[in-house]
Every structure is written in structure tokens, then in C-alpha cells.
Amino acid sequence: MSKNNTLVRTVVALIAAPIILALCYLGGYYFLPVALIIGCVAYYEYFTLAKHKHTHPLLWVGEAGLILLTGVALVKPGDLYSVFTMVILFVVLFEMFRNRGSAILNLGSTLLGITYIGIAMSSLVLIRELFTGIDYQQGGWLIISILASIWVCDSAAFFGGITFGKHRLFLRVSPKKSWEGAVFGFVFAILTMVAAKYIIMKSLDLTDSIIIGAIVGTIGQLGDLAESLIKRDAGVKDSSNLIPGHGGVFDRFDSLIAVAPVVYFYLKHFASI
């Protein structure tokens, strides 16, 4: 990575990060646009990747479904399953009238994008709204802690891999990643969540902090590999060049997209909150 590219990445992060973190803290309708922008742009980038494979996913129908799922997660989360079922039905019916290429490939690529990205953004909103009453801001701190854990995990894996990496993690998908880097990322993801528990997440149990950190350190890195698999299959390096020095939104938030549903499932069914 060139010094110029590193500088650009740093400047962009210094500008964007405080805005995103502030909206995470505020929650509700302030946070909803964050999830919608990440989701909609990531879906568009996924759409362009899918088109490299000569499929014809539904762009605007997919975007509308993603917006609907994310919005329902905030205003009426109990209806999320029913809305998701209707979105699937609508996509299938819409494809009936297109007659463009393979219907199976079109439906598969469209529904993968809606499911993978839409459920992730819905889960992100659900995590933010999990706390109520006087503890409401804890949801914001939790999102911020998860983001910090992901960013530290990525950095630790990168520098750990450069310094100690000898054994390739998944050569076919991402040739530069190593097991040593992955272990560094895993350990520092947990340490970051534990630190967040004592600094800002007072209501989070230590065990829960460790488990969430472990989810970030495993599922987050797998999410990064999953996005690399999609890009490699499409024959591109980055999902887009939208964010200077960072690639695309799908590139920057691939770990979060994978982590959010798993963290929400854990918090909802197993955490002591």
C-alpha cells in the first residue's frame, strides 16, 4: 500500500467515522439512514458484480425490498418475517414479466443480495433498538463497540499477517491472508470488545463481551472472505471506487454485513441483557 493511498484512507476515515458514530449514538430515525445508505450502496455494488457473471438481477426491486426490510426493523420488527416473505414473492412475480436471460440465475442473484445485505441491515437496526428506556443509548455504544472491534480486527489481521504470516488462510479466495493474521485479528477483536465493556458498555456482561468479540473475530473475517469470493468470481479487485482509498461500501462493510445477524441472534436468545 502506497503512502499516498494510506494518507487518503486516513483522511476519509477521520471525516466519515465521527459522523457515522454520532448517528449510531443517536439511534432511531437518525441511525436508520446509516443502515439504509450502507445497505443500498452495497446492494448496488453487489448488483454490478453479479452482472459480470452475465446475470440480470433486479436492481430497483432489490433496493426497494432492502429499504422495506430495514425500515420495518425499526418501526414494526414483529412483522419482519412476513414482510420478508412478501418481498420474496414480489421478486418472483416481477421476474415472470421480464423474459431476460435465465430466470433462475436472475432470481438467485437478486434474492441473495436482498437476503445477505437486507437481513444484515435489519439486524443492525434491531441491535441498535434492543435497549429501551434509560439504557437506550447503550444500543448506540454497542454498535460503536462492534464497529471498533471490526476495525481493530481488520488492522490487527493486516499487520499481524505482514509481520508473522507464513501459512495461507484461504489461497483460492484471498491469497494474501494468513492464519497468523487471522489469529491476531481474532484476539484483538475480543480484547476490543472487553475494553469497550469497561469503558462504555457498562450493562454488557463480560462473558457476552468475549462472545461478541469472538463472533467479530471469526464471522467478521469469514464475511471478508465471502465478499472476496464474490469479487474474485466477478473478476474485480474492489466492489467499486466510491470511497477514496477504501474501495466500495461492500468492501468496507463486508465484515459488518456478516456479523450483524449473528450478533443480534446471540443477543436476543443468549445474552444476559
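Laboratory data are not the source of any read-out in this text; all were calculated from the coordinates shown. Just so it is clear, the model here is predicted, and its values are computed rather than measured. Every residue, glycine among them, receives a Cβ derived from its backbone with ideal geometry; neighbour counts consider all protein chains shown.
Mean separation of Cα pairs under 8 Å and 6+ residues apart, divided by the residue count of the chain: what relative contact order is that in percent?
For the chain, the relative contact order is 21 percent.
Among 182-189, 81-88, 130-137, how do they line up from the highest to the lowest mean number of other beta-carbon atoms within 10 Å?
Those peptides, ordered most packed to least, come out 182-189, 81-88, 130-137.
Tell me, what HN-Hα J-couplings in whole Hz come from the Karplus equation 6.51 cos²θ - 1.76 cosθ + 1.60 at θ = phi - 60° for each residue of region 57-66, using x for Gly and Pro?
x, 7, 6, 6, 5, x, 4, 5, x, 5
What's the local net charge at residue 273, with K and R +1, D and E -1, over the other residues with C-beta under 10 Å away?
-2
Please state the relative contact order of region 134-273 as a whole percent: Cα pairs under 8 Å, 6+ residues apart?
In percent, rounded to a whole number, it is 22.
In debye, nearest 20, what is the charge dipole magnitude of the chain about its Cα centre with +1 on Lys and Arg Cβ and -1 on Asp and Glu Cβ, if you could check?
660
Could you pull out the pairs from 166/202; 166/237; 51/177; 53/177; 202/268 whose alpha carbons sit more than 30 Å apart here?
166/202
Averaged across orientations, what area in nm² does the convex hull of the alpha carbons in region 134-273 project?
9.0
Among 142-153, 25-36, how do they line up by average Cβ neighbours within 10 Å per residue, starting with the highest?
With the highest mean Cβ count within 10 Å placed first, the list reads 142-153, 25-36.
Mind ordering 220-226, 103-109, 16-22 by average Cβ neighbours within 10 Å, highest first?
Highest mean packing first, the order is 220-226, 103-109, 16-22.
Quick one: net charge of residue 32's neighbours, Cβ under 12 Å, K/R +1, D/E -1?
Result for the local shell: 0.
How large is the helix-only mean residue ellipticity at 222 nm for the chain, computed as the sum of -39500 (n - 2.57) over DSSP H runs with n ≥ 4, divided by its residue count, in deg cm²/dmol to the nearest 500?
Mean residue ellipticity at 222 nm (helix-derived): -24000 deg cm²/dmol.
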